[in-house]
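As structure tokens, the structure follows; a few thoughts come after it.
The values are calculated or read from the model by the stated rules, or taken from the named source; none is laboratory data. Nothing here was measured: the structure is a model prediction, and the numbers come from that model. Every residue, glycine as well, gets a Cβ built from its backbone with ideal geometry; the counts of neighbours run over all protein chains shown.
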Amino acid sequence: MATFIVRIGLKNGCEAEFERIVGEIYVATHRDEPGCRRYEYYRCQTPGHYYCLLSFDRYEDFLIHQTSDHHEKDAKRLVEIIETFEMEWLDPMITDARVTADGFKPTTASGPPEDADALTLHYASQFEVQVATWWAAMRRAA
């Protein structure tokens, strides 16, 4: 799996446009991407800031999402209105044979497919999975 959270800060006054754009991407992602398990947006208490929580069955499914027509259609406009973008890979806690993020598995590092095109390679280099070393000691088989 590949799970991460992003904290997004927008340029002043761009909230409505951001919500419109990501709303369209949200619908298309859930409709067209069977490898996407979770794709959710949350408004922060800080004005103009959002969280996005995403989880994919495989890292390759994340790359499919990033390079999809519905994502690429508005990617340039999103880059123009986003001021800060802080991405962090996540790992679900597993305690007493229970996964606290129900049904989710640990994030695993994997590269792009061998036959990846240039756009996929771009996103793979920009968003390489970072598995924290301290997680290994905390992981136990479910």
query: What are the residue pairs meeting all of these: first residue in region 1-27, first residue basic (Lys, Arg), second residue modelled with pLDDT of 95 or more, Cβ atoms under 6 Å, and 6 or more apart or on different chains?
result: ARG7/TYR51; ARG7/GLU86; LYS11/ILE81; LYS11/GLU83
- request: State whether one or more residues within region 40-52 are under 29 Å from VAL131 (Cβ atoms), of a type outside the set (Phe, Trp, Tyr) and under 11 Å from the mean Cα position of the chain (by Cα).
  value: yes
query: Looking at region 8-42, which of its residues are among the charged types (D, E, K, R), surrounded by fewer than 16 Cβ atoms within 10 Å (Cβ to Cβ) and under 21 Å from TRP89 (Cα atoms)?
result: ARG38, GLU40
- prompt: Does region 98-109 include one or more residues that are at pLDDT 70 or above, part of a helix (DSSP H, G or I) and among the aliphatic types (A, V, I, L, M)?
  reply: no
query: Only one of GLU60, GLU80, GLU86, GLU19 is in a helix (DSSP H, G or I) and either in contact with a His (Cβ under 8 Å, 6 or more places away or on another chain) or closer than 14 Å to PHE127 by Cβ (or both); which?
result: GLU60
